[in-house]
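Here is the structure we will look at.
The values are calculated or read from the model by the stated rules, or taken from the named source; none is laboratory data. As the structure is a computational prediction, the values presented were derived from the model and not from experiment. When we count neighbours, we look across all protein chains shown, and the Cβ atoms used for this are built from the backbone with ideal geometry, even at glycine.
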Amino acid sequence: MMLENPKGDMITEPSQSVCKQHHSVGRVIYLSPAILITLAIVVLTIAAYIQVVKFDFVTFDDPVYVTRNTSIQSGLSWKSIKYAFTSGDDGSYLPLVWLSHATCFSVFKMWAGGHHLVSLLLHVANSILLFGFLRRLTKSQWPSAGVAFLFALHPLHVESVAWVSERKDVLSTFFWILTSWAYLRYTDHANWRRYGLVLILFVLGLLSKSMLVTLPLTLLLFDAWPLGRIEWAGFRPIMKSKVFYKLVLEKIPLMILSCITALVTFVIQRRIGAMVEFGGWSLRARLFNAVMTIFKYLTQMVWPWNLSAFYPMSLANIPAWRVAGVVSFLLIVTLISIFQFRRRPYLIVGWLWYLITLLPVVGIVQVGGQAHADRYTYIPLIGVFIMICWLVEESIERLKIPRLLTLATGAAFMGTMLTLTAAQTAVWRDNVTLFKNALSMDVDNPVALINIGDEYLKRDQVQNAYAAYIKALKFSPTLYLSHYRVGYALDLLGRNDDALYYYNNASRLKPDFMGACQKHGHLLTRMGRYEEAAPFVERILHLPDVGGTGSDPVNPVTSQIDWAMILRSRDHRPEAMAILQGVLKRAPDSFEARLVLSRLLSESGYQMEALKQLESAPALTGRDPELLFRLGLAFLSMKRVDEAERAFNHLKEVNPQSPLLEQAFLELEKARHLN
């Protein structure tokens, strides 16, 4: 039997008699360095991240993926499977990610800790696989371990692990590493069966995240080092080499799949407007930002401080001299890496890995309003980690630094990284912590302000929410979401005309945003402006698949009830009642549908049926001010003044500042006067 020494060399197993004399020592030897390194990766990674099992969901994209996605909340079912393979809600084609979330929901329901735990376990698996793959690829144990530890514990990777919505990062990386490992097996003994496995794993990765489009190029880098399938003899000789073109041809099927994925992603993002929703940035601004982003990630890697969930794209132009300085730095690193290829091939391979894998997310094609994002470093930094760890290993051997001192220094460094990562992980505990941290990094952060406002709304602090939204609008006047949120807050505050103005602005900036369309129609219906509301309500009802997954999904029940009110205004009461009865068959707990139906029944002379609808509703147990107001009005229409008063008093208890109170008690006084 062959064992490994700490340097990764193979040694012969001692004789049986020696093993018996040193039985306890033999047990220690059996736990080879590779096993100990693997155990350390598992323990330290879990120690850094285990707090996530106590975390909540956040309003930053989690509603799209889990908390308001009705398809995902059906669990692993035909509905969720169909949704997974037909949806482009995220702006990408991610069927495996949707299936992953649906499966988690089947097991954990709305327990966020369970969803976080799955992402953590995937990150642990990725770290172990990365160590095993690099060790097998390079035959170098300790540098491979260094890369794996940096990958597992670097604070820049917290966003990919601690954010439920970024399941796509950890899942796609899982398939990235498996694809690379399958390719390594293929290079050992090339045949179509092994190449088929590479293709299958690559497709699974692409179905998890389109960022894998650059993977074929990274395999070509491995061909140069450490596999040595490409002999370096200068740029021109390589371009004339038949071997080089053979290796490129070998990657063509993978590249075709990458091109198809890139095209699908581009079409989906253009369709949903993700590429322009934060304003049209000029090509110059995007190129400058891309260059600065490449450098920014390197500085954050060295000094992982002041990290944020969202880095807004600055409206100010980046000075050309600063961009020129960064370009010069990047060119110098590139030239040094090229000139060092014969002695240190890992430098150019690691550097090109970093640059190539960043291309899809560097911002030349701007998606969203972020200048850059921590999650985009999850794969690219592996290349820089390779450069660092192999250079450190070479320096240790050249300077003859004792291995024990090296291990002690490495352990201290990893302990520091663990502490920083645990602190950054804590930032993702909940909405308030996350976005207050983002605001502390940049007070002009519109996304953070919008999410802080959303949290105020959840706590019924509408005025505070409105203040946050107005501030966000100041910093992002072309962002449809800012206008929509301001409109919604004004709607809740009873400032109807102002709310309509901002709903209209949101629809103008993003015509296909159905959340603003529905709210616009619903508010006009409540105001009694039924014919003005009709086009908005009809547009929602005519959607091929009414529903939604975002933070403001379209609710078909609301629009159907609004349409019933419009029909009532046109004296089409039988049709209106039929719609409401249909709603109650599908959603028997719809309090509002029962209230409106009871009013229609009462107006049509069916007092007993109207009374049954009210008695079926969870009358005075509700906490929605608007529904309590409507309940009181329904009681008044049936001349049940005392019960109406109880409903209005409960409304006052629920929200003493509600703008509906004045109208409620005014209607109550009118009813008493008539009686």
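Scanning the stretch 98-118 finds no residues that are crowded, with 19+ Cβ neighbours inside 10 Å, hydroxyl-bearing (Ser, Thr, Tyr) and within 24 Å of residue 43 (Cα to Cα).
If a residue must be modelled with pLDDT under 80, in a helix (DSSP H, G or I) and of a type in the set (A, V, I, L, M), how many such residues does the stretch 269-302 contain?
Residues that pass the stated criteria total 2.
Considering the conditions (1) in a helix (DSSP H, G or I); (2) in contact with a helix residue (DSSP H, G or I) (Cβ under 6 Å, 6 or more places away or on another chain), residue 363 is excluded by exactly one of them, (1).
On the stretch given as the stretch 624-675, residues that are out of contact with any helix residue (DSSP H, G or I) (no Cβ under 9 Å at 6 or more places or on another chain) and among the acidic types (Asp, Glu) total 3.
The set of residues in the stretch 619-634 being modelled with pLDDT of 70 or more and touching a Phe, Trp or Tyr at 6+ places or on another chain (Cβ under 7 Å) consists of 632 alone. For the stretch 62-78, check the following and say yes or no: at least one residue is among the acidic types (Asp, Glu), surrounded by fewer than 20 Cβ atoms within 10 Å (Cβ to Cβ), under 22 Å from residue 455 (Cα atoms) and in contact (Cβ under 8 Å) with a residue 40 or more places away in the chain. The answer is no, given that none of the residues of the stretch 62-78 is among the acidic types (Asp, Glu), surrounded by fewer than 20 Cβ atoms within 10 Å (Cβ to Cβ), under 22 Å from residue 455 (Cα atoms) and in contact (Cβ under 8 Å) with a residue 40 or more places away in the chain.
Kindly indicate whether residue 413 is aromatic (Phe, Trp, Tyr), surrounded by fewer than 19 Cβ atoms within 10 Å (Cβ to Cβ) and either more than 30 Å from residue 44 (Cα to Cα) or touching a residue at least 12 places away in the same chain (Cβ under 8 Å) (or both). Steps first, please.
Values: aromatic (Phe, Trp, Tyr): yes; surrounded by fewer than 19 Cβ atoms within 10 Å (Cβ to Cβ): yes; either more than 30 Å from residue 44 (Cα to Cα) or touching a residue at least 12 places away in the same chain (Cβ under 8 Å) (or both): no.
Judged against the criteria, residue 413 is not a match.
Within the stretch 484-502, not a single residue is of a type in the set (Lys, Arg), surrounded by fewer than 16 Cβ atoms within 10 Å (Cβ to Cβ) and part of a helix (DSSP H, G or I). Considering only residues in the stretch 401-424 that are of a type in the set (Val, Ile, Thr) and closer than 22 Å to residue 51 by Cα, the one that is farthest from the chain's Cα centre (by Cα) turns out to be 416. Scanning the stretch 430-457 for residues that are touching a helix residue (DSSP H, G or I) at 6+ places or on another chain (Cβ under 8 Å) and over 26 Å from residue 509 (Cα atoms) yields 431, 432, 433, 434, 436. For the stretch 506-517, residues that are assigned to a helix (DSSP H, G or I) and either at pLDDT 95 or above or among the hydrophobic types (A, V, I, L, M, F, W, C) (or both) total 5. In this entry, residue 465 passes the filter for residues that are at pLDDT below 95 and in a helix (DSSP H, G or I). When you check residue 396 against the structure, is it at pLDDT below 95 and either of a type in the set (Val, Ile, Thr) or touching a His at 6+ places or on another chain (Cβ under 6 Å) (or both), yes or no? Yes: the conditions hold for residue 396.
Taking every residue in the stretch 658-675 that is aliphatic (A, V, I, L, M) and pairing it with any residue that is in a loop (DSSP other than H, G, I, E, B) and at pLDDT 85 or above, at least 6 positions away or on another chain, the pairs with Cβ-Cβ distances below 8 Å are 660/494. Among what's in the stretch 570-589 and is under 14 Å from residue 558 (Cα atoms) and touching a helix residue (DSSP H, G or I) at 6+ places or on another chain (Cβ under 6 Å), pick the residue that is modelled with the lowest pLDDT. Checking each candidate, the answer is 587. Is it the case that residue 87 is touching a Ser or Thr at 6+ places or on another chain (Cβ under 8 Å) and crowded, with 23+ Cβ neighbours inside 10 Å? Answer is no for this residue. Of the helices (runs of 4 or more DSSP H) contained entirely in the stretch 127-229, those carrying at least 1 residues that are of a type in the set (S, T, N, Q) fall at 141-153, 158-162, 167-188, 215-224. Restricting attention to the stretch 95-106, does a residue exist that is in contact (Cβ under 8 Å) with a residue 60 or more places away in the chain and polar (S, T, N, Q)? Scanning the stretch 95-106 turns up at least one residue that is in contact (Cβ under 8 Å) with a residue 60 or more places away in the chain and polar (S, T, N, Q). Which numbered condition trips up residue 174, out of (1) more than 15 Å from residue 226 (Cβ to Cβ); (2) more than 27 Å from the chain's Cα centre (by Cα); (3) surrounded by fewer than 21 Cβ atoms within 10 Å (Cβ to Cβ)? All conditions pass for residue 174, except number (2).
If we scan the stretch 383-404, do we find a residue that is touching a residue at least 60 places away in the same chain (Cβ under 8 Å), assigned to a loop (DSSP other than H, G, I, E, B), more than 20 Å from residue 165 (Cα to Cα) and among the charged types (D, E, K, R)? No, the stretch 383-404 contains no residue that is touching a residue at least 60 places away in the same chain (Cβ under 8 Å), assigned to a loop (DSSP other than H, G, I, E, B), more than 20 Å from residue 165 (Cα to Cα) and among the charged types (D, E, K, R). Only one of the numbered conditions (1) surrounded by fewer than 24 Cβ atoms within 10 Å (Cβ to Cβ); (2) of a type in the set (Val, Ile, Thr); (3) within 21 Å of the chain's Cα centre (by Cα) is not met by residue 187, and that is (3).
Would you mind stating whether residue 212 is crowded, with 23+ Cβ neighbours inside 10 Å, free of Cβ contacts under 8 Å to residues at least 60 places away in the same chain and under 26 Å from residue 376 (Cβ atoms)? Yes: the conditions hold for residue 212. Being outside any helix (DSSP H, G or I) and either surrounded by 18 or more Cβ atoms within 10 Å (Cβ to Cβ) or in contact with a strand residue (DSSP E or B) (Cβ under 9 Å, 6 or more places away or on another chain) (or both) holds for only one residue in 428, 351, and it is 428.
Residue 491 satisfies every condition listed in (1) more than 29 Å from residue 532 (Cα to Cα); (2) acidic (Asp, Glu); (3) out of contact with any strand residue (DSSP E or B) (no Cβ under 7 Å at 6 or more places or on another chain) except (1).
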